[in-house]
Ligand code: G16
């Protein structure tokens, strides 16, 4: 029981704009640092949770940790005090405040916690003038579903008080069990549960033989949360030489870089992989460890191909999937490569809106084993988040099993299934109102698009993607505009739900070829890219011709 003398019920007023986006609440760090901002959001989560008559905080545990970015520790201290003041029985706080998103999911599931707060703005840069974020994960270990985040948002708009404690900061750097007023606070080892789970899924003995037998890999932790995990797994347990993990110490500003594992931001890793005598395999993860980048020698594996290839090989190459796969799932803008593997395996492939939260129900219902997104996310039902290091271990297992280089594995896949030429073009920092207007206009034109030309093809169908969850029947509409062409190409447009400044337009381009003779992706996709730019009047509206980031 908490002591009424130390609990403080503080009057507050709502902050505008505390609606969680694709993945939690993301804003500029200074916004989160405004007095009461974190408190209002966290109390709103507690208030939304308390609406469930089955939930009794006095019997529940709450997990808290983050990706180590600036303001991580302060936010953790605030949440620990508030959880105690709101009557939680136990709080599990990650040592050093470091807990990757997939590790959070594993800890919630394995410890039977009610849920947890991940403090992260994912791949967005960190620092006082950069980005911060809070996301809440539910009992299944996955991101809060849209219905729950809407309830949180409703509370943020009417909040009048939050509960906290007059209590000093806890020592986050030493594993210990502490009493914070009436609440048991355990500072725990953030690596233990996650590493144990990886050892259950993958054959560490075989992988150790592989990595000590001449196969050379390099992993870039991008100064972010996966550094300690990757060192433990690749260097300590699998025997890769010291130095295999680059940028292994989590820094509050990620070394001033974007911890975003793609060809633009992981430039140092890409350069190493292009060097003559470079390593056989390269990989990277993002700020909070849920995204992954997979590279071979001078060879990039698109996230869509990565999902399809892991699905193709999982049963043979990874012990955790020997029993076979129940189904696959991918977000709508992700390439259709996984669909073809699912068909060959005789299993379903679900198409969901962008956002990992949509996979949770499918997995809980046993409908899907592997899933992935074009935004460098791949994962399985071992947890309810995408999992960067899991994807790296999956690829290592495939390379060990096939004894092929990365490019060989991918080209064999294309020979068997054909190839989805695929790119995403991002236009960042656009004026938000103009962007919304542009999308509304395109939406209105949808019925008139069939028959018109776009790039080298003719439009045969155009719609705004809507998804009805097969498990709970909930519908999410306006999830992205899809334009299908008669030459087998597809163009998708949507506005990002994770940015913190203005709007980001994402254009996803895909063209499928059964006999992929062409090597130049740009050449295949350029006509559709030009066509959609012209259709959206990008140059006239924003004075932009080329995208800021191409992935
Ligand atoms: C988040 C979500 C992903 C989503 C991605 C991009 O990733 O978890 O499911 O695909 O954002 O979303 P958007 O296109 O709306 O910006 P992360 O790694 O940022 O948490």
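What to note about this one:
- Computed E for residue 501/residue 206 - FRET, C-beta separation, R0 56 angstrom, nearest 0.05: 0.75
- Viscosity 0.692 mPa s, 37 °C: Kirkwood-radius Stokes-Einstein D of the chain over Cα pairs, µm²/s: 137
- Each label was represented as a point 7 Å from its Cα along the Cα-to-Cβ direction; for residue 326 and residue 74 these points are 4.3 nm apart.
- Residues 294, 138, arranged from fewest to most other Cβ atoms within 10 angstrom of their Cβ, appear as 138, 294.
- Measuring nothing but how far apart in sequence close Cα pairs (under 8 Å, 6+ apart) lie, relative to its length, the stretch 444-551 scores a relative contact order of 20 percent.
- Prolate/oblate/rounded call for the stretch 1-121, Cα gyration tensor, a/c under 1.5 rounded: rounded
- Rel. contact order, % - alpha carbon contacts under 8 angstrom, at least six apart, the stretch 104-247: 15
- Estimated FRET transfer efficiency (residue 453, residue 537; beta-carbon r; R0 22 Å; 0.05): 0.85
- Cα Rg over Rh - the stretch 402-461, Kirkwood: 1.21
- Remark on the stretch 86-125: hydrodynamic radius 11.3 angstrom, per the Kirkwood mean of 1/r across alpha carbon pairs.
- In degrees, nearest ten, helix 432-445 long axis to first principal axis of the chain (Cα): 50
- Anisotropy class of the stretch 110-180 from Cα gyration tensor, a/c 1.5 cut: rounded
- Note: relative contact order over the chain, using C-alpha pairs below 8 Å and six or more positions apart, is 13 percent.
- In this rough spin-label picture, where each label sits 7 Å from Cα along the Cβ direction, the residue 157-residue 343 distance is 4.4 nm.
- 17 Å reach of a label modelled at residue 407, 7 Å along Cα-to-Cβ, counting backbone N of the stretch 250-283: 270-283
- Mean-position separation - Cα centroids, the stretch 1-61 and the stretch 102-176, in angstrom: 9
- For the stretch 55-70, no residue has its backbone nitrogen under 13 Å from a point 7 Å from the Cα of residue 177, taken along Cα to Cβ.
- Neighbour-count ranking [beta-carbon atoms within 10 angstrom, fewest first] of 188, 15: 15, 188
- Modelled label positions at residue 253 and residue 6, each set 7 Å beyond Cα in the direction of Cβ, lie 3.6 nm from each other.
- FRET efficiency, residue 431 to residue 475 (Cβ-Cβ, R0 35 Å, nearest 0.05): 0.70
- √(5λ) per eigenvalue of the Cα gyration tensor, the stretch 419-514, largest first, Å: 22, 18, 15
- Reported to the nearest whole Å, the Cα centre-to-centre distance from the stretch 202-230 to the stretch 325-396 is 23.
- Calculated [θ] (222 nm, deg cm²/dmol) that DSSP helices of n ≥ 4 give over the chain, each run adding -39,500 (n - 2.57): -10000 deg cm²/dmol
- Inter-centroid distance (Cα atoms) of the stretch 487-551 relative to the stretch 422-449, Å: 11
- In degrees, nearest ten, helix 303-317 long axis to first principal axis of the chain (Cα): 80
Values in this text are rule-based calculations from the coordinates and carry no lab data. Nothing here was measured: the structure is a model prediction, and the numbers come from that model. Positions of Cβ are backbone-derived with ideal geometry, glycine not excepted, and every protein chain shown enters the neighbour counts.
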